[in-house]
Amino acid sequence: MNACARVLATGAIALAFGCVGRPTIAPRSAAGVTLVVLLPDPDTGLVGRAVVSNDAGTVELASARASTVVLGHTAPAAVSTLGNDQVQQLFADAIDALPIPPRHFTLNFEFDSNELTATSRALLVDVLAAVKAIRVPEVEVIGHTDTIGSKLNNAALGLRRAELIRRLLVDIGLGESLIKVTSHGESDLLIPTADGVAEPRNRRVEITVR
């Protein structure tokens, strides 16, 4: 069974999470029957694809909850789609054991300022809630700027913005040691622009909680 997937196997059941690579995975089946189901990747939501193959035949899984059954050395069965309730019934334990997927937040700043927009300031409590939902959390805070000013100044500005967000998060109850702060300055624009363009969506701090 070749799968573009991350696979969990419990007894005669394999659960494949869609991804981009093409790892080779040996089928596992305690009773000679393997059920393979393709689900969206828990981190990205992408479905991806899985190729299930043996000497007798090949099928491709390319949509959410697409499934096939392999019985012994016979060809994989025709692809069918499981319902959400069937997936939950078959794989509840495996799904519950998965780590919580990373949460991503984007906070924006007023022009030429270290002040958050009102909407972004309101997101801070959501960041704190996401951190508290994870037993051993990590928080990455990356500062970004638009292309007004020099690259050197923007790298420093991005870092000041990231440090500001760290202070705000600590002020509302987040442990400082959990937070890693870096700056990309103007090197990772959300909205590509020429130099010297004031683009508010590029004046941001991105937070990842994992």
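Hey, can you tell me all the residues within region 187-210 that are part of a helix (DSSP H, G or I) and either among the polar types (S, T, N, Q) or surrounded by 17 or more Cβ atoms within 10 Å (Cβ to Cβ) (or both)? Scanning region 187-210 gives a single hit, ASN202.
Taking the stated definitions as given, is GLY72 touching a residue at least 40 places away in the same chain (Cβ under 8 Å) and at positive phi? For GLY72, the condition - touching a residue at least 40 places away in the same chain (Cβ under 8 Å) and at positive phi - is met.
When residues of region 165-200 are filtered for being under 23 Å from ALA133 (Cα atoms) and of a type outside the set (D, E, K, R), how many remain? Write out each step before concluding.
Taking region 165-200 first, the residues under 23 Å from ALA133 (Cα atoms) are 165-181.
Keeping just the survivors that are of a type outside the set (D, E, K, R) gives 165, 168-170, 172-175, 177-179, 181.
Residues that pass the stated criteria total 12.
The numbers here are math on the coordinates, done by the rules we state, and not lab data. All of these numbers come straight from a predicted model, not from anything done at the bench. Virtual Cβ from ideal backbone geometry, glycine too; neighbours counted across all protein chains shown.
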